[in-house]
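Accompanying notes for the structure given below.
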Amino acid sequence: MVERLVPDELWELFQWVVPEAPIRPQGGGRRRHGDREVLAAIVFVATSGCTWQQLPSASFGPSGATAHRRFTGWSKARVWAELHRLVLDELGSRGELDWSRCAIDSVNMRAAKGELTGPNPVDRGKYGSKIHLITERTGLPLSVAISGANVHDSQALIPLVQGIPPICSRRGRRRRRPGKLHGDKGYDCNHLWRWLRPRGITPRIARKGMDSSQRLGRHRWTIERTMARLAGCRRLHRRYERKASHFLAFTSITCTLICYRRLTN
């Protein structure tokens, strides 16, 4: 189970970003569970959608409380964002990333309560959160963020573009700016057009009252497919985490798994 959920290649990348285990100055104590077993337990929770209490410790070793405690510490240390960046570096060095066109979009998730939640204007005002995403041309996620469901999509464009890490390329220096950025009419704001062009990004955003909605999916179908893959992670079907950092961590884990599948194919 552990080797299936955390293959050797993923484990080697994870070892570069995982913090060192704390040392007890007085010595003694229980034996610490291995990081690979704990990582497999976290991936199982993310993909299966089970609670921490329902985690089958007989299959992994650590209990649900231990896995949750390690998950909280790694989330504070930004381990998941660094792991995602490492996988993107591997893809970029192999020439698997296409920077010619990128797409931006968002998806709503139900959330009863917690940080960064708000009334969803398209779901009868029920509270929820949004996952904002930028993908490259083939649909691999480059940058991810979360917000309340009542936050307009246009407010997330600048933080998402700025959140793209510098990624290795097969030739030349690292890259973090796409050639073109596709978006729907929710991103049609004059200040966004003025912000993108000086940075060498050609906006391909549908104009309100001018462009037809029938052609929006011509280049944006890849990000719609990525959104469907995010929904394949059952922990993201509905937001159960009260802390926004934990919900963002599960989103980053899912994005890492999507990129890792491309790395192994």
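General remarks:
- Within region 118-160, if we keep just the residues that are in a strand (DSSP E or B), among the hydroxyl-bearing types (Ser, Thr, Tyr) and open to solvent by less than 40 Å² (accessible area, probe 1.4 Å), the residue that is nearest to residue 78 (Cα to Cα) turns out to be 143.
- Within region 166-188, residues that are closer than 12 Å to residue 219 by Cβ have Cβ atoms under 6 Å from residues that are among the basic types (Lys, Arg) and open to solvent by 70 Å² or more (accessible area, probe 1.4 Å) in these pairs: 180/204; 182/204, counting only partners at least 6 apart in sequence or on another chain.
- Single match in 96, 115 (criterion: touching a residue at least 60 places away in the same chain (Cβ under 8 Å), within 30 Å of residue 148 (Cα to Cα) and in a loop (DSSP other than H, G, I, E, B)): 115
- Among the candidates 112, 77, residue that is among the hydrophobic types (A, V, I, L, M, F, W, C), modelled with pLDDT under 90 and open to solvent by 40 Å² or more (accessible area, probe 1.4 Å): 112
- Failed item, numbered, when residue 221 is tested on (1) touching a residue at least 24 places away in the same chain (Cβ under 8 Å); (2) out of contact with any Leu (no Cβ under 8 Å at 6 or more places or on another chain): (1)
- Selection within region 60-82: residues that are of a type in the set (Lys, Arg) and part of a helix (DSSP H, G or I). The member of this set that is farthest from residue 4 (Cα to Cα) is 76.
The values are calculated or read from the model by the stated rules, or taken from the named source; none is laboratory data. Computed from a predicted structure; not experimentally measured. Note that we place each Cβ from the backbone using ideal geometry, even for glycine, and neighbour counts take in every protein chain shown. With ligands, DNA and RNA removed, areas are computed over all heavy atoms of the protein, side chains included. Shrake-Rupley method; radii C 1.70, N 1.55, O 1.52, S 1.80 Å.
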